[in-house]
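Below: one structure, written as structure tokens.
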Amino acid sequence: MSQRLATNVTKDHIHDAIIRKLDVKSLADSSSNTIRLADCGCAVGPNTFNAMQDLIEIVKHKYKSQCPNSQNPEFHVSFNDQSSNDFNTLFTSLPQEIHFFVAGVPGSFHKRLFPEKFLHLVHVSYALHWLSKVPEGLLDKNSPAWNKGRIHYAFAPEVVVKAYANQFAKDLERFLNNRAKEIVPGGMIIITNPSIPDGMPFSEIANGLMYNCMGTILYDMVKVGLLSEAQVDSFNLPIYACPPGEFGAVVERNGNFRIEVMGLTNPSPWLKGRINMPEYIKHVRAATESMFNKHFSYEVTEEMFRQLLERLEEINDKMVSCYRDGVQLFAVLQRL
């Protein structure tokens with residue numbers, strides 16, 4: 001639900017960009033009156049169905065204005081995620097009343113997924129911040145970027161932050177190159193992603209405090225013998241909130257897309273007062289627990305999240321006071 005609400009914040013910006021720039025008539029005419037969409041990083045919840053239905057309604061509105069006397073195009077939606085994604089759960093929760101054709105496409109969106117010039121619209125929400133791998137140097141004791149004592153770049157030296165930024169840039173470049181082959185000229189990519197203003201340290205936002213707490217808890221477990229220091233030093237969360245300046249630079253350098261709109265928003269302007277910490281932890285756990293379980297024992301992961309709830313409650317007011325107005329990036333890119 002929180003991701004759905006966060007995406008709704010950018011809905012008007014996306015709507016305006018599609019209405020202004022997407023030539024639905026020519027796209028439909030060139031594809032047997034079928035508009036093909038893809039949601040990259042769809043996961044298993046209802047958010048993906050809602051997002052696709054919203055996009056389809058916008059496209060229908062634009063088509064009606066361009067072709068008032070024509071029948072609406074048909075819509076084909078591909079839902080993509082890693083092959084380990086639970087597609088059974090995804091399609092079991094598919095709404096009974098849908099007005100589009102459906103397909104599942106397993107695989108990493110850092111690789112080719114579709115035939116050439118196949119797609120008209122690509123949607124990717126809260127997925128690009130997951131890096132394809134841990135940045136180089138973070139696990140090397142001889143590297144300046146060795147991230148000893150931390151599990152993220154929050155509160156880390158600049159060389160560690162740079163390693164994360166470089167890996168994100170490589171991943172985004174690969175994503176854009178592959179989508180450029182798959183999207184028709186004039187087609188669009190709609191992106192919503194965690195972000196942060198240019199030049200602001202990640203330690204100044206709530207998630208930065210949370211990741212730092214996670215690392216502190218794990219190192220406290222080392223002190224009492226629940227796990228080894230080497231286990232913690234070899235674990236880093238592959239998550240990067242790219243600021244708009246870096247994002248725009250990669251898109252421009254790539255050269256396959258034009259930025260039609262890009263900006264930062266507060267993903268949760270309705271939240272006032274103290275954070276509902278059990279609810280907050282529930283969403284964090286859903287997103288990260290599998291990574292912890294792959295590296296640590298089940299007991300360690302359980303204890304880490306138990307302590308995390310307690311410690312974040314202690315700094316609840318500090319987290320509330322953190323910057324939040326510009327921690328969500330929205331962008332609409334058009335294929336040249």
Which members of segment 35-46 meet the condition of being open to solvent by 30 Å² or more (accessible area, probe 1.4 Å), out of contact with any Leu (no Cβ under 6 Å at 6 or more places or on another chain) and modelled with pLDDT of 90 or more? A43
Please determine, by comparing only the residues of segment 171-197 that are touching a strand residue (DSSP E or B) at 6+ places or on another chain (Cβ under 8 Å) and among the polar types (S, T, N, Q), which one is nearest to V24 (Cα to Cα). T192
Report those helices (runs of 4 or more DSSP H) wholly inside segment 234-336 carrying at least 3 residues which are within 25 Å of L138 (Cα to Cα). 244-254, 277-295, 298-314
Using the structure shown, decide if E289 is among the acidic types (D, E), modelled with pLDDT of 95 or more, closer than 25 Å to N85 by Cα and surrounded by fewer than 18 Cβ atoms within 10 Å (Cβ to Cβ). yes
Which residue pairs have Cβ atoms closer than 6 Å, lie 6 or more positions apart in sequence or on different chains, and pair a first residue in segment 229-245 that is under 26 Å from L264 (Cα atoms) with a second residue that is open to solvent by less than 10 Å² (accessible area, probe 1.4 Å) and aromatic (F, W, Y)? Y240/Y164; Y240/F168; C242/F168
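This table checks each residue for (1) acidic (D, E); (2) over 30 Å from P185 (Cβ atoms); (3) under 23 Å from the mean Cα position of the chain (by Cα).
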{"site": "S84", "(1), (2), (3)": "no, yes, yes"}
{"site": "N88", "(1), (2), (3)": "no, yes, yes"}
{"site": "Q96", "(1), (2), (3)": "no, yes, no"}
{"site": "L113", "(1), (2), (3)": "no, no, yes"}
{"site": "E116", "(1), (2), (3)": "yes, no, no"}
{"site": "L119", "(1), (2), (3)": "no, no, yes"}
{"site": "S132", "(1), (2), (3)": "no, no, yes"}
{"site": "G137", "(1), (2), (3)": "no, yes, no"}
When you check K133 against the structure, is it under 28 Å from S297 (Cα atoms) and among the charged types (D, E, K, R), yes or no? yes
Restricting the search to segment 255-277, which residues are more than 28 Å from R311 (Cβ to Cβ), open to solvent by 20 Å² or more (accessible area, probe 1.4 Å) and not acidic (D, E)? G255, N256, R258, I259, V261, M262, L264
More than 22 Å from L131 (Cα to Cα), touching a helix residue (DSSP H, G or I) at 6+ places or on another chain (Cβ under 7 Å) and modelled with pLDDT of 95 or more: is that true of E299 in this structure? no
On the given criteria, is V161 more than 30 Å from V24 (Cβ to Cβ), in contact (Cβ under 8 Å) with a residue 40 or more places away in the chain and open to solvent by 20 Å² or more (accessible area, probe 1.4 Å)? yes
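The values are calculated or read from the model by the stated rules, or taken from the named source; none is laboratory data. Keep in mind that what you see is a predicted model, and the values were worked out from it rather than measured. Neighbour counts run over all protein chains shown; Cβ positions are idealised from the backbone, glycine included. SASA here: full protein model, heavy atoms, side chains in, ligands and nucleic acids out. Shrake-Rupley method; radii C 1.70, N 1.55, O 1.52, S 1.80 Å.
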